[in-house]
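The values are calculated or read from the model by the stated rules, or taken from the named source; none is laboratory data. Keep in mind that what you see is a predicted model, and the values were worked out from it rather than measured. When we count neighbours, we look across all protein chains shown, and the Cβ atoms used for this are built from the backbone with ideal geometry, even at glycine. We work out accessible area using only protein heavy atoms, side chains counted, and drop any ligands, DNA or RNA first. Shrake-Rupley method; radii C 1.70, N 1.55, O 1.52, S 1.80 Å.
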Amino acid sequence: MSQLIEIKINESSRVPKYKQIVDSIVNDIAKGKLKIGEKIPSINELSESCYLSRDTVEKAYKQLKEQKVIISVKGKGYYTSKTDLISKIQIFFMINKLSSYKMMIYNSFVNSVGINGHVTLSIYHCEESLFARTLERNLGAFDYYVIMPHFKTDELNHISTTDVVKDMIEKIPKDKLIILDNNKLDIKGNYGAVYQDFQDDIYDALKKGLEKLKNYDKLVLVYPSKSVYPYPLRIIHGFRKFCSKYNFDFEILDQVYDDMDLESKDAYVIIEENDLVNLVRQVRKKNLTLGKDIGIISYNDTPLKDLLGINVVSTHFKAMGETAAHMVLTNKKEKVKNVFEYIERNSI
């Protein structure tokens, strides 16, 4: 027996009747009149009881199914599939890896959205195919899609997007799309974005430390070129641009090797934390003075780097999450370059 539900249709309203059906069922669920798993009238039953065309009811049920509000069971009918979350903004949040930096952004976003939304986290590990399959399964089920696009080639090089990725993202209505961190996608339309400019950010940040860096003879960027989760090559481009502009001798290494041939008056720009730990350990082992003999600037700030007194160049992760949440809550579509900082401590 179908659950009796009250569908309120305002004949004089400019709101399409199918949308009024959707809103009425959603409101019944939000108010607890309909519980999860309860059967609702069939398309024919609702059409007859409300004096509506079958096409109108069918269109309403199609939208409710796409939003995962109801499900259809073959031979049995339609049932509600979720209740307590229906009154909140539903947000699908896709990140490329599970790192402390990404989680800072995610936690800041969730805290800023607060009780107004429910956020579903998905991690696709920089894999094009996993990203495409996951997004395909969830298209139409959420009010917003917040996507952090970073992918890798078969050679473990970083790539911002692929044809497959771009085609999938284009399926998302632009008013429901927010791109985070990396905006090199060539996606048209009025969507939201909070992004880093990886080349100019590191260039501008190193400029802020220029006077201290002039005390060093050589700059060394430790860029992990074959990382499982690769970094944008634009970081290298910005580093080279800085060194060229200010006439620094420079070198780019894949990693901090064990028993490095450390030369006094070398300054290192280090991306990965394990390389940072390895270098600091070797500096101490060889009785060199950090910030005098050897300089270090680390990429992306953490509480540990603050504790160790390590200079950093870093995007403001908390601000990125907060700005994206503000776009969701206010339904604003802006392209915002996120704050990128040079933080002076004791390692240069």
| message | Using Cα springs under 10 Å in a Gaussian network model of the chain, which residue among 330, 80, 302 shows the largest mean-square fluctuation? | response | 330
| Quick one: putting +1 on the C-beta of Lys and Arg, -1 on the C-beta of Asp and Glu, what dipole do you get for segment 253-348 around its Cα centre, in Debye to the nearest 20? | 440 debye
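Which whole-number percent is the relative contact order of the chain (Cα, under 8 Å, 6+ apart)?
Relative CO of the chain lands at 15 percent.
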| query | Which value, in debye to the nearest 20, describes the size of the charge dipole of the chain about its Cα centre when Lys and Arg Cβ atoms bear +1, Asp and Glu Cβ atoms bear -1, and nothing else is charged? | reply | 1080 debye
| said: Which GluC sites (Glu not before Pro) in segment 257-326 sit in a loop by DSSP (not H, G, I, E or B) and have at most 14 other Cβ atoms within 10 Å of their own Cβ? | reply: 263
| task | With springs only between Cα atoms under 10 Å apart, run a GNM on the chain and tell me which of 96, 44, 338 wobbles the most. | result | 44
| From Cα coordinates alone, what are the radius of gyration and Dmax values for segment 245-348 in angstrom? | 17.2, 56
| query | Accessible area per residue of segment 295-343 at 1.4 Å probe, in Å²? | reply | 39 Å²
| field | Area accessible to solvent at residue 236, 1.4 Å probe radius, in Å² | value | 20 Å²
| note | Note to self: Kirkwood Rh of the chain, Cα pairs, one decimal, Å, is 23.2 Å
| field | Partner aspartates and glutamates for residue 176 [C-alpha distance under 18 Å; skip if fewer than 8 residues away on the same chain] | value | 66, 136, 143, 167, 186, 322, 334
| task | For each pair in 102/174; 33/171; 88/305; 245/335; 171/337; 31/174, compute the distance between the two Cα atoms and list the pairs where it is over 32 Å. | result | 33/171; 88/305
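Report in % the part of the accessible area of the chain that belongs to carbon and sulfur, leaving out ligands and nucleic acids; probe 1.4 Å.
C and S atoms contribute 49 percent here.
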| field | Student exercise, segment 21-180 dipole from Lys, Arg, Asp, Glu Cβ charges, in Debye to nearest 20 | value | 460 debye
| said: Tell me the angle of helix 317-330 to the major Cα principal axis of the chain, expressed in degrees between 0 and 90 and rounded to the nearest ten. | reply: 20 degrees
| request: Among 193, 235, 41, flag the residue with its Cα farthest along the positive direction of the charge dipole of the chain, charges on Cβ as +1 for Lys/Arg and -1 for Asp/Glu. | output: 41
| Quick one: helix 17-30 against the long Cα principal axis of the chain, what's the angle to the nearest 10°, folded into 0 to 90? | 70 degrees
